[in-house]
Amino acid sequence: GIEWDSEDKRSAFSPSRRRLKTTMQDPFYVVKEEVSQSVTGVNALHQRWKELLETANTATDEEFIWCTNELKTGVRGIEWDLTDLEETISIVESNSSKFKVDRAEIEGRKAFVTKVKNDLQRIKDDLSSTKTKGKMESDSRQALMPKSPANGKFAKMEKAVQEDNQSFIREQQRQQLLMEEKEDKALEHLSLNVRQLHEMGHDISNTLVEHEQLLGEIDDETTKAESGLRGAVRKVNKLLDQTKERTQFCIIVSLIVILVVLIVVVFYV
């Protein structure tokens with residue numbers, strides 16, 4: 001398998017760190033250019049590494065071994081420089097007025113760092129993939145087998161080993177396909193759940209709209225009933241007022257009649 005070194009060393013693809021420490025000037029574009037050149041070199045080396053992985057014996061081919069070591073060192077070095085770039089972005093972001101850098105420029109710098117990180121991650125994934133490990137293990141076993149003529153006593157054994165290697169690679173690929181199928185099924189299940197939640201949310205929204213309309217109708221009916229009740233109260237009050245006036249008129253007329261009767265009785269009896 002491929003192991004990543006932790007030693008503090010740089011390859012030919014890694015720019016220097018010293019530019020980030022020397023001044024308070026904004027060093028981003030100087031280092032960005034160096035990082036871009038380093039990434040270009042690492043990508044070219046990665047392409048050659050993939051060709052050798054398919055065509056060479058990875059256990060014995062010196063160019064493949066050299067490419068692998070350079071890729072590991074180059075990727076590690078660029079990752080260190082990206083850390084330095086992120087530090088400069090943080091410094092500039094916290095002192096944007098001093099460096100006269102706007103938000104769009106800062107976001108553009110962050111996007112560059114993210115893109116380079118993604119490129120490096122793809123290379124690291126290829127270096128440690130199941131396919132790569134299977135090919136290297138197969139080549140290692142093949143390199144350990146003794147060389148013999150095609151018709152020698154070890155010919156059948158060598159053929160069996162080669163077939164076993166091919167079977168191992170096919171099995172690794174099959175397992176990888178099964179894992180991908182499981183991931184696809186899990187994503188489909190998740191997508192189905194999301195659609196169901198969306199439909200439930202849509203139904204709840206429709207129900208709330210219907211309830212809102214019903215409450216609006218009830219409010220309208222209540223307003224109409226309240227208006228009718230107020231009209232009825234006004235009519236009752238008016239009727240009471242009219243009844244009160246009639247009663248007072250009858251009492252006055254009755255008193256006048258009694259007064260006239262008393263006068264007639266007094267003067268004529």
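The values are calculated or read from the model by the stated rules, or taken from the named source; none is laboratory data. Every value quoted in this text rests on a predicted model; they were computed, and no experiment measured them. Positions of Cβ are backbone-derived with ideal geometry, glycine not excepted, and every protein chain shown enters the neighbour counts. Heavy atoms of the whole protein, side chains included, go into the accessibility calculation; ligands, DNA and RNA do not. Shrake-Rupley method; radii C 1.70, N 1.55, O 1.52, S 1.80 Å.
Odds and ends about this structure:
- Tally of residues being closer than 21 Å to residue 80 by Cβ and assigned to a helix (DSSP H, G or I) across the range 113-140: 15
- Condition check for residue 38: under 34 Å from the mean Cα position of the chain (by Cα), at pLDDT 85 or above and of a type in the set (S, T, N, Q): yes
- Residue check, residue 221 more than 31 Å from the chain's Cα centre (by Cα) and under 30 Å from residue 132 (Cα atoms): no
- If the condition is being of a type in the set (A, V, I, L, M, F, W, C), in contact (Cβ under 8 Å) with a residue 40 or more places away in the chain and farther than 17 Å from residue 129 by Cβ, then the range 57-80 contributes 59, 78, 80.
- Close Cβ contacts (under 7 Å, 6 or more residues apart or on different chains) running from residues in the range 34-49 that are within 13 Å of residue 63 (Cα to Cα) to residues that are hydroxyl-bearing (Ser, Thr, Tyr) comprise 49/68.
- Filter pass, residue 71 being open to solvent by less than 60 Å² (accessible area, probe 1.4 Å) and modelled with pLDDT of 90 or more: yes
- Residue within the range 7-15 that is within 28 Å of residue 139 (Cβ to Cβ) and modelled with pLDDT of 90 or more present: no
- Residues in the range 114-128 that are open to solvent by less than 60 Å² (accessible area, probe 1.4 Å) and within 25 Å of the chain's Cα centre (by Cα): 116, 119, 120, 123, 124, 126.
- Unique residue being open to solvent by less than 30 Å² (accessible area, probe 1.4 Å) and either modelled with pLDDT under 90 or hydrophobic (A, V, I, L, M, F, W, C) (or both) when the list is 155, 111, 150: 155
- For the range 117-144, the set of residues classified as in contact with a Ser or Thr (Cβ under 9 Å, 6 or more places away or on another chain) and either free of Cβ contacts under 8 Å to residues at least 12 places away in the same chain or of a type in the set (Gly, Ala, Ser) (or both) consists of 138, 140, 143, listed by residue number.
- Out of 208, 178, 215, 192, sole residue that is open to solvent by less than 100 Å² (accessible area, probe 1.4 Å), modelled with pLDDT of 80 or more and part of a helix (DSSP H, G or I): 178
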